[in-house]
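*Asks:* Have a look at this one before I ask anything.
Only the coordinates and a few stated rules stand behind these numbers; no lab work does. As the structure is a prediction and not an experimental result, all values here were calculated from the model. With ideal geometry, Cβ positions are generated from the backbone for all residues, glycine too; neighbour counts draw on all protein chains shown.
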Amino acid sequence: MPDRDFLQIFTKSRKDRILGGICGGLGERTPLPSWAWRFLFVLMVTIYGVGLFIYLVIWIFAPTEAKTDH
């Protein structure tokens, strides 16, 4: 059985969040840390203007990480 696709396992982070948990979730599932993702989104907003749109779309459609009772 093939491994699950990145889009199937991506969730917003509950622990590492400043606004919506998108960059924290990306930081948990990619080699880039969450601060780098935040920097990239800010850079895309200021230079290209599309970063905010991309962030909002991900925020709307990405599920939140399941609660764990530790």
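*Asks:* Using label points projected 7 Å from each Cα along Cα→Cβ, tell me how many nm separate V50 and W35, to one decimal.
*Replies:* 2.8
*Asks:* Using a 7 Å offset from the Cα along the Cα-to-Cβ direction at both V42 and I18, what is the distance between the two label points in nm, to one decimal?
*Replies:* 0.5
*Asks:* Along the range 22-34, what does the Karplus equation 6.51 cos²θ - 1.76 cosθ + 1.60 (θ = phi - 60°) give for ³J(HN,Hα), rounded to whole Hz, x for Gly and Pro?
*Replies:* Those phi angles translate into 5, 5, x, x, 5, x, 6, 10, 10, x, 7, x, 4 Hz.
*Asks:* Quick check on packing: order 48-54, 19-25, 9-15 by the mean number of other C-beta atoms within 10 Å, highest mean leading.
*Replies:* The packing order, highest mean first, is 19-25, 9-15, 48-54.
*Asks:* Rounded, prolate or oblate: which one fits the range 10-61, using the alpha carbon gyration tensor with axes a ≥ b ≥ c (rounded when a/c is under 1.5, else prolate when a/b beats b/c, else oblate)?
*Replies:* Since a/c reaches 1.5 but b/c is at least a/b, the shape of the range 10-61 is classed as oblate.
*Asks:* Taking amide H positions as placed in the peptide plane 1.01 Å from N, state which residues far from K12 in sequence (5 or more) or on other chains have amide H under 5 Å from it.
*Replies:* HN-HN under 5 Å from K12: T64, E65.
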